[in-house]
Amino acid sequence: FFVQVSENCNVSFLEESPKAPSAMLQEEEEDIWIGMTLTSSANSQSDLTGIRINDNYTPKYEIGADLTKMIGYAARPQVYSMLGDRMLAYDAVPSGIVEQGVPMGYYAAADGEYTFQMITDDDRLDHVYLIDMAMGTVADLTWESYTFQSAKGSFNDRFIVRAVLANGVNAPTGTNTIKGEGSAAEKVFIEGNIYIKRNNNTYDMYGAQHKK
């Protein structure tokens, strides 16, 4: 906690001063959570961000649903989603937004290697693609982490997270037919586009099967 004031301003805090209530986030039982960490390989420190999917939410910033990111520029990396110029620690969006893609920003405390990893699991998500705009690569975070090199600094337009929902936000839990255990997968390029190949089938970034 810190307070920034001008040089000629005096601020004091009394023990009996009322405390502000902690921020309470609205959460629907049907919410789908995409929780991700960004970890530095140099010191193993990490940060967490989350995207909450429900068609009851709107694309705009909502008090009680979205949570603004408070950045700390120390040794710990920082990760957040972007809503215009606003950095969000938690981003509540309808399904259409996350299917189109949510921009992700991050802060790297030093030059080095960093890793994105998805830490939540929901059968209503077929895929969660992390698109690296700088490298032109795609990782499906539902079955793999993504490690990359970064210079020190803040980067708000390098990554996009795009999810493919199985049966809609409020659908009951179903079987994921694409991310089976033990099945190998690879990224392939077809006519200049990136696809995911698995079990002899090829899917685009929206989860639709590619027809030869």
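Read-outs: derived from the displayed coordinates by stated rules, not from any lab. Note that this is a predicted model, so its numbers are computed, not measured.
A few comments on the model shown:
- When only alpha carbons of region 114-161 are considered, Rg and Dmax amount to 11.5, 36 Å.
- Length released on extending from residue 85 to residue 110, taking residue separation times 0.36 nm less the Cα-Cα span: 6.7 nm
- Kirkwood hydrodynamic radius of region 30-91, from inverse mean 1/r over distinct Cα pairs, in Å: 12.6
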